[in-house]
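Q: Got a structure for you, written out below as structure tokens; questions coming shortly.
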Amino acid sequence: MPTLQFKTSINCANCLRAVTPFLDAEASVEKWSVDTSNPNKILTVEGANPIPELIMKSVAQAGFDIEPLAA
């Protein structure tokens, strides 16, 4: 299953609650998590065919900064 990672501004439980409906509604996302202990607040997304642009749009709509994580 392909995995994508992004640097975000999602940094607390309230932030996770705010972004959950947006990421859960994204059809290309099967599983996601945010490492809030990492300074870059890494969002990891798994899915059969996750689409980076749609994931970034979903997180931005929730009001958070997001950018692809440099490999």
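The values are calculated or read from the model by the stated rules, or taken from the named source; none is laboratory data. Here the structure is a predicted model, which means the values were calculated and not measured. Reconstructed Cβ throughout: ideal geometry from the backbone, glycine too, with neighbour counts over all protein chains shown. What goes into the accessible areas is simple: the full protein's heavy atoms, side chains included, and nothing from ligands, DNA or RNA. Shrake-Rupley method; radii C 1.70, N 1.55, O 1.52, S 1.80 Å.
Q: With each pseudo-label sitting 7 Å past Cα toward Cβ, what's the residue 44-residue 65 distance in nm, one decimal?
A: If labels sit at residue 44 and residue 65, their model points lie 2.3 nm apart.
Q: Could you please state how large a percent of the accessible area of the range 3-68 is carbon and sulfur, counting protein chains only and using a 1.4 Å probe?
A: So the carbon and sulfur contribution to the accessible surface is 50 percent.
Q: How large is the accessible surface per residue of the range 3-68, computed with a 1.4 Å probe and reported in Å² as a whole number? Show your work: numbers first, answer last.
A: On the way: 3700 Å² over 66 residues.
Accessible surface, normalised per residue, equals 56 Å².
Q: Taking a ≥ b ≥ c as the square roots of the Cα gyration tensor eigenvalues, with a/c under 1.5 meaning rounded and otherwise prolate when a/b beats b/c, else oblate, which class fits the chain?
A: oblate
Q: Calculate the spin-label point distance for residue 35 paired with residue 17, positioning each point 7 Å from the Cα along the beta-carbon direction, and give it in nanometres.
A: Those two pseudo-labels are separated by 2.6 nm.
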